[in-house]
């Protein structure tokens, strides 16, 4: 029987991979700096909190912090990592959050491409639900895989370690066997592929930046800004088709 994405995130391997992580990615730091003066007045929902990587940085700065994840073992890891704040971590599913009233949060973060591990239909439902629980005038921050990068997954690069170099040939074989060649995806707005995440146990959603902007607008988000995963700097909307070197992109939206 195939393992589900949820089962994969609940695995000991996934938890141990993330439990020691404590650094913000460059665009996360950029966005934190942009919002820093407003954070003390914000009620924040950290969706897909994982093992608490972002908790370290945001929880001390906001008025109220809630971290949620649909993987029970991730929530247990957060409670162990932050025992003084264990009540702030809750099981939750972004696709349906009836536990929160409309307009409950000033800031919603869905980091590390968490939104890429549910189906297309569930993704749209999640965006609508995030908009519902978000307060008008508040902010939604998330990252997602960039479909324009897909060709680069199928390349072999020099590596310092021989085992890493050899692994690339295995990964390339698996990519082709599980997904076919990348050309068939390049004229689509999005694609769901098995790209090797968590030892090829997960399917990942890749989307073109313009298609992502269109999704967000259709779900009620506005003033959408994009940030580079490589540098943390803002990407001009007029240049989003030049982002083929970015494996994923961060988005900052107003609600």
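The values are calculated or read from the model by the stated rules, or taken from the named source; none is laboratory data. Quantities reported herein were computed from a predicted structural model and do not represent experimental measurements. When we count neighbours, we look across all protein chains shown, and the Cβ atoms used for this are built from the backbone with ideal geometry, even at glycine.
Per-residue answers, yes or no, for (1) within 30 Å of residue 35 (Cβ to Cβ); (2) out of contact with any helix residue (DSSP H, G or I) (no Cβ under 8 Å at 6 or more places or on another chain); (3) assigned to a helix (DSSP H, G or I); (4) in contact (Cβ under 8 Å) with a residue 60 or more places away in the chain:
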| residue | (1), (2), (3), (4) |
| --- | --- |
| 131 | yes, yes, yes, yes |
| 139 | yes, no, no, yes |
| 143 | yes, no, no, yes |
| 152 | no, yes, yes, yes |
| 159 | no, no, no, no |
| 176 | no, yes, yes, no |
| 187 | no, yes, no, no |
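Restricting the first member to segment 191-217 and to residues that are farther than 16 Å from residue 150 by Cα, and the second to residues that are at pLDDT below 90 and assigned to a loop (DSSP other than H, G, I, E, B), the beta-carbon pairs closer than 6 Å and six or more apart or on different chains are 201/3.
Results for (1) closer than 16 Å to residue 120 by Cβ; (2) at pLDDT below 95, shown as yes or no for each residue.
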| residue | (1), (2) |
| --- | --- |
| 197 | no, yes |
| 210 | no, no |
| 215 | yes, no |
| 227 | no, no |
| 234 | no, no |
| 241 | no, yes |
| 245 | no, yes |
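When segment 71-99 is limited to residues that are more than 21 Å from the chain's Cα centre (by Cα) and over 18 Å from residue 53 (Cβ atoms), the one that is surrounded by the fewest Cβ atoms within 10 Å (Cβ to Cβ) turns out to be 98. One residue is enough: does segment 222-237 have a residue meeting the conditions in contact (Cβ under 8 Å) with a residue 24 or more places away in the chain, out of contact with any helix residue (DSSP H, G or I) (no Cβ under 9 Å at 6 or more places or on another chain) and surrounded by fewer than 18 Cβ atoms within 10 Å (Cβ to Cβ)? Yes, that holds for at least one residue.
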